[in-house]
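*Asks:* Pasting a structure below so you can have a look.
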Amino acid sequence: MTTTTEAPAGTPPATLVDRAQYGLAGFLVVVGGYVLYDAWSLEPAFADQPVQPYAIPYVVGAGLVVLGILLGIATARGDRPEAEEGEDIDLTQGTDVRTVALLAGVLVVNIALIDLLGWAITGALLFAGSAFALGSRTWVRDLAVGAALSVGTWYGFYVGLGIPIPAGILDGVL
């Protein structure tokens with residue numbers, strides 16, 4: 001049993017939404033196809049790398065094509081996005097400049113210190129500082145989680161993928 005509800009005031013007609021969704025679906029398919037074509041033209045890289053450079057563009061391109069096709073199918077079935085109720089932000093409020101400035105500052109400090117201190121330390125500060133900027137006030141937990149994430153990602157990239165990440169002052173310890 002299907003029910004029909006009236007669209008809220010100010011909602012564009014279904015044909016405009018459908019056309020926009022079909023346009024986005026087509027755009028996704030075209031961009032995904034180009035990414036796949038471009039990935040096909042890449043030359044093989046070093047044989048000792050577990051993940052070759054051409055693997056990621058194939059995954060991204062295929063994902064874009066599949067998502068474009070699925071969006072086209074969903075649009076043809078009559079699925080429509082929610083209007084403003086789907087937004088999780090309050091459009092009547094301005095930008096929180098303090099939060100944006102704190103996040104930018106944490107990122108700049110990370111960029112400035114990563115070669116000196118290494119990813120394990122600056123990554124922990126990046127994660128903890130971002131949590132603080134977004135409202136967390138539990139320093140010990142934020143630093144512990146940040147340290148676990150940064151050391152885990154360091155080992156994941158360096159040991160797991162063979163991609164060197166700066167160890168900084170912890171060179172030889174990690």
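The values are calculated or read from the model by the stated rules, or taken from the named source; none is laboratory data. Remember, predicted model here, so these are calculated numbers, not experimental data. All Cβ positions, glycine included, derive from the backbone under ideal geometry; neighbour counts span all protein chains shown. With ligands, DNA and RNA removed, areas are computed over all heavy atoms of the protein, side chains included. Shrake-Rupley method; radii C 1.70, N 1.55, O 1.52, S 1.80 Å.
*Asks:* Is it the case that some residue within segment 65-76 is open to solvent by less than 40 Å² (accessible area, probe 1.4 Å), in contact (Cβ under 8 Å) with a residue 24 or more places away in the chain, under 25 Å from residue 19 (Cα atoms) and among the β-branched types (Val, Ile, Thr)?
*Replies:* Scanning segment 65-76 turns up at least one residue that is open to solvent by less than 40 Å² (accessible area, probe 1.4 Å), in contact (Cβ under 8 Å) with a residue 24 or more places away in the chain, under 25 Å from residue 19 (Cα atoms) and among the β-branched types (Val, Ile, Thr).
*Asks:* Here's another thing I want to ask about it. Within the group 90, 171, which residue is exposed (fewer than 12 other Cβ atoms within 10 Å of the Cβ) and in contact (Cβ under 8 Å) with a residue 40 or more places away in the chain?
*Replies:* Going through 90, 171 in turn, just one is exposed (fewer than 12 other Cβ atoms within 10 Å of the Cβ) and in contact (Cβ under 8 Å) with a residue 40 or more places away in the chain: 171.
*Asks:* Under 9 Å by Cβ, and 6 or more places apart or on different chains, what pairs join a residue from segment 147-164 that is closer than 13 Å to residue 50 by Cβ with one that is open to solvent by 80 Å² or more (accessible area, probe 1.4 Å)?
*Replies:* 157/164; 158/164; 160/50; 161/50; 162/48; 162/50; 163/157
*Asks:* Taking segment 108-153 as the search range and keeping residues that are under 13 Å from residue 170 (Cβ atoms) and among the polar types (S, T, N, Q), which one is surrounded by the fewest Cβ atoms within 10 Å (Cβ to Cβ)?
*Replies:* Here the answer is 150.
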